[in-house]
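The values are calculated or read from the model by the stated rules, or taken from the named source; none is laboratory data. Note that this is a predicted model, so its numbers are computed, not measured. Neighbour counts are summed over all protein chains in view; Cβ atoms, including those assigned to glycine, are modelled from backbone coordinates with ideal geometry. Keep in mind that these areas ignore ligands, DNA and RNA; they rest on the heavy atoms of the full protein, side chains included. Shrake-Rupley method; radii C 1.70, N 1.55, O 1.52, S 1.80 Å.
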Amino acid sequence: MNIVSRKTVTRFLLASAIVLGCIVDSSKILKYQAQVNERSTAKAEKQAEQTSEETRTAQIQTDSQLAMSRAQSGCTQIVSTRNNQPIRFFEGFRVFDPDSFPRNPKIPRFDPSGYPINGVKPYPQGLAVCNLNGDTALVGEQGAIYKIYRVEPSKLQEFRSYLK
């Protein structure tokens, strides 16, 4: 019969303790790494959000300066309404020369699909247009506007002074 020596038992207990310690420690290490990753991700998101906000603010200021310069150089004022409420400019919005409208209001100006009829003409391409809301744009093909820039609300009063 084989008798296990004291030395072998000690080695076995020591090896068992090391294996058990590694198992317990590895779960704690993984949990700690997950926490560190969460913190770094949150910090990166916060920094990206701050950078995005700074970029957005700079873009708004640039757009506002461009809109102001269009007003100073003399843009054509457009009064556009929907349900008798003033509306903002948006991409693809079409503007037409009111002087080309038929004098009789009963004569249709547009067909059912929205295309001009009876002599209605769009504003010429490249014309700068603006409205009292602080929007400015350039007229493109078939009167569709593009490159829309808006004035910052704090500078709206100055913008309107250039329109008079």
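Of the residues SER73, PHE12, ILE87, the one whose Cα sits farthest towards the positive end of the charge dipole of segment 1-101 is PHE12 (charges of +1 on Lys and Arg Cβ, -1 on Asp and Glu Cβ, taken about the Cα centre).
Surface analysis of segment 120-164 yields an accessible area of 55 Å² per residue, using protein heavy atoms and a 1.4 Å probe. Per residue of the chain, the DSSP helices (runs of n ≥ 4 H) give a summed -39500 (n - 2.57) that works out to -17000 deg cm²/dmol at 222 nm.
Arrange the residues LEU132, LEU20 by how much accessible surface each exposes, largest first, with a 1.4 angstrom probe. Walk me through the numbers before you get to the answer.
Numbers: LEU132 85, LEU20 110 Å².
So, going from the largest accessible area down, we get LEU20, LEU132.
Using a probe of 1.4 Å, the accessible surface attributed to VAL79 totals some 130 Å² when neighbouring protein chains are kept in position.
Hand me the trypsin sites (Lys or Arg not before Pro) from segment 1-102 located in a DSSP loop with no more than 13 other Cβ atoms within 10 Å, in residue order please.
Numbers: sites: ARG6, LYS7, ARG11, LYS28, LYS31, ARG39, LYS43, LYS46, ARG56, ARG70, ARG82, ARG88, ARG94; in loops: ARG88.
Of the trypsin sites (Lys or Arg not before Pro), the ones in loops of segment 1-102 whose Cβ has at most 13 other Cβ atoms within 10 Å are ARG88.
Computed over protein heavy atoms with a 1.4 angstrom probe, the accessible surface ordering of GLU141, GLU53, largest first, is GLU141, GLU53. Take the Cβ-Cβ distance between ARG109 and LYS147 as r, set R0 to 22 Å, and report the resulting FRET efficiency rounded to the nearest 0.05. The computed FRET efficiency comes out at 0.25.
I'd like the chymotrypsin sites (Phe, Trp or Tyr not before Pro) in segment 68-136 restricted to DSSP loop residues with at most 15 other Cβ atoms within 10 Å, sorted by number.
The qualifying sites are PHE90.
With the full set of protein chains in place, find how many percent of the accessible area of segment 63-141 is carbon and sulfur; take the probe as 1.4 Å. The C+S portion of the solvent-accessible surface of segment 63-141 is 51 percent. Sequence-ordered 3J(HN,Hα) estimates for segment 64-70 from the Karplus curve with 6.51, -1.76 and 1.60 and θ = phi - 60° stand at 5, 5, 5, 4, 5, 5, 5 Hz, glycine and proline given as x. Only aspartates and glutamates eight or more places from LYS28 in sequence, or on another chain, were considered; those with a Cα closer than 18 Å are GLU38. Accessible surface of ASP63, taken over heavy atoms with a 1.4 Å probe and every protein chain present, rounds to 30 Å².
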